[in-house]
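Structure record follows, encoded as structure tokens.
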Amino acid sequence: MNLRPPLAPQSSSRGVRPGLALLTGMVLCAAASPISASSINTPHVADYLLVGLGRQTVIGTSTAVSNFELGANSSSVPMSGLSGSVPPLPGNARPVFVGVGGNGDVAIPDDDGNFDVSNIEIWGDSGIDCAGGIGSCNTGNSNSDFNGSPLSNANGLNGGVDLSGLLSELATAQSALPGLMGDHSISLHFNDGKWDSDLVINLLAGLTVIDIATNGNDLLLENRSLLFNGGANASALVRIPNDANFLVSQSNIVVGDGGIGLTNVLFYTDKPDNNQHVSVNDAILNGVSFWDLGDSGGEITFNNVQGCTQAVGDKINLNDVRLNPCGFSVPEPGAGLYALVGLLLSAAGGGRRRSGGSLRSPP
């Protein structure tokens, strides 16, 4: 799915200053960007947990999901497949909701897009929405349900859906997000690509843009906890360098309990190839989204993942997941918010593991 002409290659550093990841309390501040975040309004995108943008004649299956749940997390945290493989959640992590959140819907907005689902329970408003005819869009549906009844053309499979509004929103985001600065900026430089410390990123009011550099290496988060905290009006856009894949294993990426919403953190990539741009294995996600808008057949994969998130990209491949929806909502940067943004490198692994809680719309 070509949202717009391919982006020109950019420097992998995006102005990153070396060594920042080794410092505590390092602060970088920026005036508001000339590109206004108010132009990035994505209510149609927010309607879906998964958006598979690719064309089956180019990449094969644009959205494949097998085993467990979309729009629900019926297992305690961590689920059995994660017990012992992920670090304890930080003590100040927001509890991961257990139950049916709904809105686990899937969008296939290209006329040549398709899906293949098996052994999945989908809980939502519409199920799987295809821009093309359901006959060509449905290339696999076995042992799957929608809202408790078998997934079928009469229940949860919808062809000929107008998804032009969703595509328009993503095209605007694709053009604006690479140059957006927001109210504050942080640069993180990992020389070998390894995110080798637990990290708490404390955000102030407004939008904080976090740019990462890896010297051309893939960004690796392994056996770590990454937590974003702040008030209800604090948000973060994390830009992965477009010469790196983001590889997550045996880790937590979550929001804190300071009031930050579940739709306030986005990891963004526009890497111009068909690699696995985002690969998340054995992980708990809560309140973070992943958008891959590189227009080159890149893939987002989740294996053995639980929590609340959103995935948007050309090719989506999910296995053994229990996911509620946490679609990113881009805030308007506030005028005059040039305050300090603190980075605290901490041993977050000592916190108590939580389960249960309630899922609510963030303030």
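The values are calculated or read from the model by the stated rules, or taken from the named source; none is laboratory data. What you see is a predicted model, and the numbers here were worked out from it, not measured in a lab. All Cβ positions, glycine included, derive from the backbone under ideal geometry; neighbour counts span all protein chains shown.
Scanning region 267-278 for any residue that is more than 22 Å from N103 (Cα to Cα) and modelled with pLDDT under 95 turns up nothing.
Of I253, I240, all but one fail to be at pLDDT 95 or above, farther than 22 Å from E69 by Cα, hydrophobic (A, V, I, L, M, F, W, C) and out of contact with any helix residue (DSSP H, G or I) (no Cβ under 8 Å at 6 or more places or on another chain); the exception is I240.
Scanning for something assigned to a loop (DSSP other than H, G, I, E, B), over 21 Å from the mean Cα position of the chain (by Cα) and β-branched (V, I, T), does region 153-164 turn up at least one residue? Yes: region 153-164 contains one or more residues that are assigned to a loop (DSSP other than H, G, I, E, B), over 21 Å from the mean Cα position of the chain (by Cα) and β-branched (V, I, T).
Consider S80 carefully, then state whether it is over 15 Å from T309 (Cβ atoms), free of Cβ contacts under 8 Å to residues at least 24 places away in the same chain and more than 19 Å from the chain's Cα centre (by Cα). Answer is yes for this residue. Touching a Cys at 6+ places or on another chain (Cβ under 8 Å), crowded, with 23+ Cβ neighbours inside 10 Å and over 26 Å from V238 (Cα atoms), is that true of F115? Yes: the conditions hold for F115. Residues of region 64-77 that are assigned to a loop (DSSP other than H, G, I, E, B) and under 19 Å from the mean Cα position of the chain (by Cα): G71 alone. Taking the stated definitions as given, is V65 β-branched (V, I, T) and either in contact with a helix residue (DSSP H, G or I) (Cβ under 8 Å, 6 or more places away or on another chain) or crowded, with 18+ Cβ neighbours inside 10 Å (or both)? Answer is yes for this residue. Just a yes or no: is a residue in region 186-199 out of contact with any Phe, Trp or Tyr (no Cβ under 7 Å at 6 or more places or on another chain), within 30 Å of D125 (Cβ to Cβ) and among the charged types (D, E, K, R)? Looking for residues that are out of contact with any Phe, Trp or Tyr (no Cβ under 7 Å at 6 or more places or on another chain), within 30 Å of D125 (Cβ to Cβ) and among the charged types (D, E, K, R), one finds none in region 186-199, hence no. Being part of a strand (DSSP E or B) and within 30 Å of N73 (Cα to Cα) is the requirement here; does I201 meet it? In short, yes. Please work out if V45 is at pLDDT 95 or above and under 19 Å from P325 (Cα atoms). Answer is yes for this residue.
Might you check whether a residue that is at pLDDT below 95, closer than 23 Å to V312 by Cα and in contact with a Pro (Cβ under 9 Å, 6 or more places away or on another chain) occurs anywhere in region 144-165?
No; the residues of region 144-165 include none that is at pLDDT below 95, closer than 23 Å to V312 by Cα and in contact with a Pro (Cβ under 9 Å, 6 or more places away or on another chain).
Scanning region 234-257 for residues that are of a type outside the set (A, V, I, L, M) and surrounded by fewer than 24 Cβ atoms within 10 Å (Cβ to Cβ) turns up R239, N242, D243, N245, S249, Q250, G256, D257. Take L157 and decide whether it is farther than 20 Å from W291 by Cα and touching a helix residue (DSSP H, G or I) at 6+ places or on another chain (Cβ under 7 Å). Answer is yes for this residue. Scanning region 45-63 for residues that are more than 21 Å from C308 (Cβ to Cβ) and either among the hydrophobic types (A, V, I, L, M, F, W, C) or part of a loop (DSSP other than H, G, I, E, B) (or both) yields L53, G54, R55, V58, I59, G60, T61, S62.
Listed by first and then second residue, the pairs linking a residue in region 233-244 that is more than 12 Å from N275 (Cβ to Cβ) to a residue that is small (G, A, S), with Cβ atoms under 6 Å apart and 6 or more places separating them unless they lie on different chains, are N233/A205; A234/A205; P241/S12; P241/A213. Going by the conditions given, is N286 of a type outside the set (A, V, I, L, M), modelled with pLDDT of 95 or more and surrounded by 23 or more Cβ atoms within 10 Å (Cβ to Cβ)? For N286, the condition - of a type outside the set (A, V, I, L, M), modelled with pLDDT of 95 or more and surrounded by 23 or more Cβ atoms within 10 Å (Cβ to Cβ) - is met.
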